[in-house]
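Below: the structure, in structure tokens.
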Amino acid sequence: MDDILGTAFAVCVKRNKTRETDEPGALIRVTVEQWEHTLESHPHDFSFSDYEIILDAIADPDYILRGQTGTRVAVVNYGKSFLHVIYRELNEYEGFFITAFYKPDFDRKIVIWRKYEQDRDD
């Protein structure tokens, strides 16, 4: 994996969660070590090449949830399941990936941003 990706790969997350700005956001690092940990923890959910799915989820989620202890959860709807990608923004310039997994649903009470206005529950 190191030969292909180096020691980490990354994606920018826009600071303005409405995605209406071209201003660059925090660079979220996905280290090889953390990706391998995710593959070992969720062997039925991901394969080696799925890191692009993780990067896309962070860069363009359907929802962002308030996570625990300052984390964020990027959520993407894949029909019968939702990809959850946990990450932390350290500041407005950088952050890091923690883990990812699929679940059949997500907690709509902790949504802090949604891609589509019609998805509002309130």
Let me spell it out: the conditions are (1) modelled with pLDDT of 85 or more; (2) touching a helix residue (DSSP H, G or I) at 6+ places or on another chain (Cβ under 7 Å); (3) among the aromatic types (Phe, Trp, Tyr), and PHE9 meets all of them except one. Which number is the exception? (1)
Residue count, segment 60-88 (criterion: among the acidic types (Asp, Glu) and surrounded by fewer than 16 Cβ atoms within 10 Å (Cβ to Cβ)): 1
Could you give every pair whose Cβ atoms fall below 6 Å, whose first residue belongs to segment 73-98 and is over 15 Å from ILE112 (Cβ atoms), and whose second residue is part of a loop (DSSP other than H, G, I, E, B), counting only separations of at least 6 or pairs across chains? VAL76/PRO61; VAL76/ASP62; ASN77/ASP62; SER81/PRO104; PHE82/PHE106; GLU92/ARG15
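Out of TYR63, TYR51, I need the residue that is of a type in the set (Ser, Thr, Tyr) and at pLDDT 90 or above. Which one?
The conditions single out TYR63.
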When the residues of segment 19-36 are filtered to those that are surrounded by 14 or more Cβ atoms within 10 Å (Cβ to Cβ), of a type outside the set (A, V, I, L, M, F, W, C) and at pLDDT 85 or above, which remaining residue is nearest to the chain's Cα centre (by Cα)? ARG29
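The values are calculated or read from the model by the stated rules, or taken from the named source; none is laboratory data. All values derive from a computational prediction rather than experimental measurement. Please note: Cβ atoms are built from the backbone with ideal geometry, for glycine as well, and neighbour counts cover all protein chains shown.
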